[in-house]
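What follows is one structure encoded as structure tokens, with my remarks underneath.
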Amino acid sequence: MTVVTVARTREELCEARAALDDGDVAVVMTMGALHDGHATLIHRARQTHAHVVVTIFLNPLQFGPKEDLSRYPRTFDADLAICTEAGVDLVFAPTPDVIYPDGDPGVRISAGPLGDVLEGQARPGHFDGMLTVVGKLMHLTRCTSAYFGQKDAQQLVLIRRMVRDLDFPVRVVAVPTVREADGLAMSSRNTYLTQSDREIALTLSAALAAGAAAATEGPSAIRRAARAVLVREPLVLADYLVLVHPETLDDVPEWFRGEALLAVAARVGTTRLIDNVPVLVGPGGGALEIFSADRLDG
Ligand code: AMP
């Protein structure tokens, strides 16, 4: 099998991109350390697009000074094997000086108020850094569609807002969270977990499942059921557990019926983990794979 084409510089990207059909290029943006979650995004993109570009870029702009940029797993050769296997046309794997030739950019995309809550509260500036690079990579790859995981729910909300608010000519497609057989959401950061951390980390998906199972009873029952599971494990240091509106990220009131996002963040050992599940609240309710608006994108 021929190994996937890799572009490291803007010039290489330009040249390789010129060989692809202009009207139909999907991009999957990643920070590397690829797993089956990333592979699923690639396969989904492949199903409906002539060409798939994967970006592998560990974006320093979205890491805080005390975060895990230096220890983030780097598995480039294995990443290329996954991309080759999945039939990716082109991998763009730049270094920070290629993306930020003048150093940290003075002008950035602001996530606004939605970037200050939940993950944004724990990670100030994270979403501005994320949106800035996503915007740049949309321009550089000249993609027509971009695939993102439901796993990073707030990221997805903000990218949709950016595309709408700033008129990016890109279709954003959401892909359901891919999990291990025992329920743990796949994440590059799972490699930080020790065997016992990993057992403890299952509490997050178990809490979400318990919350979703109470969906017919309304918001406070959902929150109560999820919290009851979370507090049973003292080694899970919860940051937040919320049931929020999927677009505004506001807590849903008790009378709310419809689709909501049940999201959790917690520290297990030295690792900060996030997970979420879309939930239909009310009669016939329960966990959803993905929000119904996102299903239309498919
Ligand atoms: P990352 O490399 O962690 O920045 O993730 C790159 C893309 O893959 C993002 O759109 C993530 O939401 C998505 N992703 C990561 N983990 C999963 C997962 N377990 N299931 C679905 N998508 C995922």
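We did not get these values from a lab; they are worked out from the coordinates using the rules stated. As the structure is a prediction and not an experimental result, all values here were calculated from the model. Positions of Cβ are backbone-derived with ideal geometry, glycine not excepted, and every protein chain shown enters the neighbour counts.
Taking packing as the residue-averaged number of other Cβ atoms within 10 angstrom, the listed peptides 40-47, 179-186 run from highest to lowest as 40-47, 179-186. Most tightly packed first, judged by the mean number of other beta-carbon atoms within 10 Å of their residues, the peptides 254-263, 162-171 read 254-263, 162-171.
The sum of -39500 (n - 2.57) across all DSSP H runs of n ≥ 4, divided by the residue count of the chain, sets its helix-only mean residue ellipticity at 222 nm to -10500 deg cm²/dmol. Taking K and R as +1 and D and E as -1, what net charge do the other residues with C-beta under 10 Å from the C-beta of A266 add up to? Overall, the nearby charge balance is -1. The simple Förster model, with R0 at 22 Å and r as the Cβ-Cβ distance, assigns I290 and H139 a FRET efficiency of 0.20. Rounded to the nearest whole angstrom, the semi-axes of the ellipsoid equivalent to the range 157-285, taken from the Cα gyration tensor as √(5λ), stand at 25, 21, 12, largest first.
What number does the chain give for Rg over Rh if you use C-alpha atoms and the Kirkwood radius? Show your work: numbers first, answer last.
Numbers: Rg = 19.1 Å, Rh = 19.9 Å.
Rg/Rh: 0.96.
How big is the antiparallel share of DSSP beta bridges in the range 188-285, given as a percent to the nearest 5? List each step's numbers first, then the result.
Details: 20 of 20 bridges.
Just about 100 percent of them are antiparallel.
Loop-located GluC sites (Glu not before Pro) across the range 29-132 with a Cβ neighbour count of 10 or fewer within 10 Å are lacking, with loop assigned by DSSP.
What base-10 log of the normalised intensity I(q)/I(0) is obtained for the range 121-188 from the Debye formula, alpha carbons as equal point scatterers, at q = 0.12, 0.25 Å⁻¹? Computed log10 I(q)/I(0) values: -0.36, -1.16.
Here the label points at D77 and H245, each 7 Å from Cα along the C-beta direction, are separated by 5.1 nm in the simple model.
Return the inverse of the average 1/r over all pairs of distinct C-alpha atoms in the range 16-156, which is the Kirkwood hydrodynamic radius, in Å to one decimal. After inverting the pairwise mean of 1/r, the radius is 15.8 Å.
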